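Have a look at the structure below, then the notes.
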Amino acid sequence: MSDLFDFDRPARYAVMGNPIQHSKSPRIHTLFARQTGQNIEYSAIQVDPGGLEQAIGNFEGSGGKGLNITVPFKRTAWELMDRLSDRARLAEAVNTILFRKEGRYGDNTDGVGLVRDLRSNHGITLEGREILLLGAGGAARGVLGPLLAERPARLVIANRTPDKAYDLADRFGALGTVRGCGLPALEGQQFDLIINATAASLAGELPPLPPDLLKEGGSAYDMMYGAEPTPFLKWARQHGAASCMDGLGMLVEQAAESFSLWRNVRPETKPVIETIREEMKAS
Ligand code: NDP
């Protein structure tokens, strides 16, 4: 059917991942669409291991306009794009796809989402600060470029498997003062801001951390979010953190960046963060 007759059909978007049933992305994008008057439909699609290329092809072939990609497929998606944004190329991970006439365009909005949440929603200054990033997996890789663009005094990546932290520090070394280490090497160091990008909180665990790791008045951020504070945020509160933040704001901010790439209109994030927070507490 010609586009002429399609004007009142919703434009279709989706998030692909595994597992996907608890994803908050459909709710977030529905709230954005309502707020901005955009006619879109956004669904969650569970993809089997090894099935991403086929699933993306099916969605694109059926007229879908764009996709979000989440765990565990961001790296695979990066390999399947025709063109990449600089930030996706650097992260070697794609969380946002735009289907364009010229082909599939992959971007990564995770880092900008984190930085906007820290700066705009929480008023945290990153420039000139000493920052510790715990973890060296996909989430850490996605946020390193945008964090270093804020010009911290130094950024340390500490990981349970130290080699992965060394590799990431090498890869991003041209962008700023960044060093990799294992968790025991944190003994005796102090930071203004600690960002937990490990999956430890998912398992209700806490990486082993020295008690005086946070400077007085420092801040703690856990990329994981939930109705209750994570073990890392409880630890930070007990060890003098002036502010403790979870990753819900990052989730909504990265979604807002995807939404504006797709629809050319930027939604307001604060009311959406508040709504999702209330819904999480109520459920
Ligand atoms: P990955 O599986 O790619 O990486 C996991 C990382 O956590 C690795 O560095 C791993 O270390 C480390 N780790 C796992 N368990 C432990 C533990 N018990 N103690 C210490 N370190 C541990 O996961 P992602 O990077 O994709 O995700 C990490 C977290 O970030 C998750 O909680 C995820 O929900 C969250 N996230 C939030 C987003 C948001 O928008 N708020 C966006 C993306 C992610 P090792 O290398 O030694 O295995």
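A compact table of results
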quantity: One residue from Ile97, Ile131, Ile124 being away from the ligand (no atom under 11 Å from the Cβ), of a type in the set (Val, Ile, Thr), within 30 Å of Leu213 (Cβ to Cβ) and buried (at least 20 other Cβ atoms within 10 Å of the Cβ); calculated: Ile131
quantity: Evaluation of Ser258 against (1) touching a strand residue (DSSP E or B) at 6+ places or on another chain (Cβ under 9 Å); (2) open to solvent by less than 20 Å² (accessible area, probe 1.4 Å); (3) not assigned by TED's automatic domain parsing to the domain that holds Ala33 (one fails), failing number; calculated: (3)
quantity: Residue check for Asp117: among the acidic types (Asp, Glu) and under 16 Å from Glu257 (Cβ atoms); calculated: yes
quantity: Output for the range 58-79, where each listed residue is more than 20 Å from Leu251 (Cβ to Cβ) and either small (Gly, Ala, Ser) or out of contact with any strand residue (DSSP E or B) (no Cβ under 7 Å at 6 or more places or on another chain) (or both); calculated: Asn58, Gly61, Ser62, Gly63, Gly64, Thr76, Glu79
quantity: Wholly within the range 189-283, helices (runs of 4 or more DSSP H) carrying at least 1 residues that are under 30 Å from Tyr42 (Cβ atoms), over 19 Å from the mean Cα position of the chain (by Cα) and among the aliphatic types (A, V, I, L, M); calculated: 270-282
quantity: Of all residues in the range 135-179 being hydroxyl-bearing (Ser, Thr, Tyr) and at pLDDT 95 or above, the one that is surrounded by the fewest Cβ atoms within 10 Å (Cβ to Cβ); calculated: Thr161
quantity: Output for the range 184-200, where each listed residue is aliphatic (A, V, I, L, M) and open to solvent by 40 Å² or more (accessible area, probe 1.4 Å); calculated: Ala185, Ala199
quantity: Residue count for the range 41-50, restricted to those that are in a loop (DSSP other than H, G, I, E, B) and either touching a helix residue (DSSP H, G or I) at 6+ places or on another chain (Cβ under 6 Å) or over 13 Å from Lys74 (Cα atoms) (or both); calculated: 2
quantity: All positions within the range 57-77 that are over 13 Å from Arg12 (Cβ atoms) and away from the ligand (no atom under 16 Å from the Cβ); calculated: Gly57
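The values are calculated or read from the model by the stated rules, or taken from the named source; none is laboratory data. Owing to the predicted nature of the structure, the values given are computational and were not obtained by experimental measurement. Using ideal geometry, Cβ is built from the backbone for each residue, glycine included, and neighbour counts are taken over all protein chains shown. Note: areas computed on protein heavy atoms with side chains; ligands, DNA, RNA excluded. Shrake-Rupley method; radii C 1.70, N 1.55, O 1.52, S 1.80 Å.
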